Amino acid sequence: MKKKRLLAITLVITLFASIFALAGCGKQKEASNNDEYNGKLVFDHSMDLKYAELFSVDYYKGGYKMITITNRDEDTAITDKQSKILVVPDGMKTPEDVSKDTIVLNGPVKNMLVASTPVTSLMNASGCLDNISLVTYDKSSWYIDDVKKAFDDNKLTYVGDYKAPDFEQIVAASPSICIYSTMLTSAPDVAEKFKELNINFILDQSTYEEHPLGRVEWAKCYAALCDKEDDAVRMYDEQAAYVDKISKTEKTGKSVAVFYITSKGKLYVRNADDYVAQMVELAGGKYIFDDLNVGKTGTQTMEMESFYSKAKDADYIIYIWSLGGKPSTLADFTGYSSVLSDMKAVKDGNVWCTTPDFFQIADTIGSMVNDINKMMTSDSSVNELTYLKKLK
């Protein structure tokens with residue numbers, strides 16, 4: 001019996017020794033493969049993208065990544081037509097043939113400054129929030145709970161407004177890269193200061209993607225910096241699934257007006273090819289201003305009389321709460337102008353407001369399309385959705 005037991009123990013030890021030896025060989029082989037490509041860029045494959053057209057990610061042997069961002073012509077006053085970032089994996093050397101205009105960062109990239117709430121939301125949804133250290137919006141400006149908690153945990157530091165950041169604080173923090181929206185073009189002196197201080201910066205171009213889901217897909221760009229691509233893909237697929245499901249249903253035949261009125265009484269509507277207008281179409285509705293500035297995104301000012309003439313028979317109103325006056329009731333809303341009371345959507349009780357976090361959460365566009373569809377297809381008893389709330 002003792003001999004059998006001894007034999008069994010010997011076999012187990014031998015088995016484990018073999019497993020560890022094979023694992024060691026695997027690691028040695030992997031290290032050997034990496035050594036073969038250390039300091040070299042040998043192309044492997046590109047990131048799969050469906051809608052995003054303004055960035056790409058190329059993968060190279062040994063774990064190198066090259067991110068390329070195509071900037072607008074308007075941005076070339078402060079940056080190049082293309083911004084390139086080479087992410088060098090841990091333990092690997094920077095290739096000698098990299099162009100001097102390429103930003104070289106050690107991956108996964110940490111200690112970033114992000115001056116854009118939508119970009120922060122995309123990174124948060126991909127598990128990259130811990131890679132951000134500095135932001136240009138203070139805690140009171142945020143609606144994203146994870147960001148607020150990061151402030152409470154002293155993981156995020158506010159470095160001042162994006163147009164007038166505290167450069168001494170930024171230099172002391174030594175961020176790996178600064179990610180700004182294209183609003184930085186309105187503050188060229190900030191861009192020049194970054195260059196003077198040799199601080200890397202790029203401009204997020206997600207807002208200029210033609211398809212709304214293209215904006216969501218930019219999460220993959222930032223996830224590539226943090227080695228979180230799988231998390232970004234999962235988030236994107238979840239949002240795309242909402243749109244895909246709705247696209248297979250019949251159009252609602254309902255028309256929708258989207259607008260807001262500033263505190264000074266100025267009215268803005270979304271242009272025909274703006275992403276919010278496209279979201280209405282993706283949700284199965286008809287955007288009432290689908291002939292306004294075709295080919296343009298963003299907003300257009302409009303006189304109240306012209307607005308009423310076009311939108312008076314719209315079945316639904318989506319009021320962008322966070323950009324204009326912030327009505328709490330239907331009476332607040334109609335108080336902006338007497339003609340609003342005569343609109344069909346107002347008479348039918350179909351005036352909805354976006355939630356305050358609407359422009360901070362770029363990772364939920366598919367969910368928002370789903371909400372717009374529910375707004376048009378649910379019965380009158382539904383008064384509140386995830387990102388829309390009916391005024392009463």
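With only Cα atoms counted, the stretch 302-385 has Rg and Dmax values of 13.3, 37 Å.
Report for the chain the percent antiparallel among DSSP-assigned beta bridges with both residues inside it, nearest 5.
Of those bridges, close to 50 percent are antiparallel.
Electrostatic bookkeeping for residue 233 treats Lys and Arg as +1 and Asp and Glu as -1; over the other residues with beta carbon under 9 Å from its beta carbon, the sum is -3. For the chain, the share of accessible area belonging to carbon and sulfur comes to 50 percent (1.4 Å probe, ligands and nucleic acids excluded). Give me the angle, in degrees from 0 to 90, between the Cα long axis of helix 2-37 and the longest principal axis of the Cα atoms of the chain, rounded to the nearest 10. Here the helix axis deviates by roughly 60 degrees.
Summing charges over neighbours of residue 103, with a neighbour being any other residue whose Cβ is under 14 Å away from its Cβ, gives +2 when K and R count +1 and D and E count -1. Please work out the C-alpha center-to-center distance from the stretch 158-232 to the stretch 371-392 and express it in whole Å. The stretch 158-232 and the stretch 371-392 have Cα centres separated by 35 Å. For the stretch 67-82, putting each phi into the Karplus relation 6.51 cos²θ - 1.76 cosθ + 1.60 with θ = phi - 60° gives couplings of 9, 10, 10, 9, 8, 5, 4, 5, 8, 5, 5, 10, 8, 7, 4, 10 Hz, in residue order, rounded to whole numbers and with x for Gly and Pro. Extension gain for residue 326 to residue 173 (0.36 nm times residue separation, less C-alpha to C-alpha distance): 51.4 nm.
Potential lengthening of the chain between residue 308 and residue 344 amounts to 11.9 nm, from the contour at 0.36 nm per residue minus the alpha-carbon distance.
Only helices enter this figure: runs of n ≥ 4 DSSP H residues, each worth -39500 (n - 2.57), summed and divided by the residues of the chain, yield -11000 deg cm²/dmol at 222 nm to the nearest 500.
Give the angle, between 0 and 90 degrees and rounded to the nearest 10, that separates the Cα long axis of helix 229-247 from the longest principal axis of the Cα atoms of the chain. Here the helix axis deviates by roughly 30 degrees. Here the 3J(HN,Hα) profile of the stretch 265-272, calculated from phi with Karplus coefficients 6.51, -1.76 and 1.60 at θ = phi - 60°, is x, 8, 9, 10, 10, 7, 5, 4 Hz, Gly and Pro shown as x.
Assuming a ≥ b ≥ c are the square roots of the Cα gyration tensor eigenvalues, decide whether the stretch 336-384 counts as rounded (a/c under 1.5), prolate (otherwise, with a/b larger than b/c) or oblate. Oblate.
Semi-axes, largest first, in whole Å: what does sqrt of 5 times each Cα gyration tensor eigenvalue give for the chain?
47, 28, 20
Rolling a 1.4 angstrom probe over the protein heavy atoms, how many square angstrom per residue are accessible across the chain? Before the final figure, lay out the partial values.
Details: 19620 Å² over 392 residues.
Using a 1.4 Å probe on heavy atoms only, each residue of the chain averages 50 Å².
Principal-axis analysis of the Cα atoms of the chain puts helix 365-377 at an angle of about 40° to the longest axis.
The values are calculated or read from the model by the stated rules, or taken from the named source; none is laboratory data. These numbers come from a predicted model, not from an experiment. Cβ coordinates were reconstructed from backbone atoms using ideal geometry, including for glycine residues, and neighbour counts include every protein chain displayed. Side chains included, ligands, DNA and RNA excluded: accessible areas come from the protein's heavy atoms. Shrake-Rupley method; radii C 1.70, N 1.55, O 1.52, S 1.80 Å.
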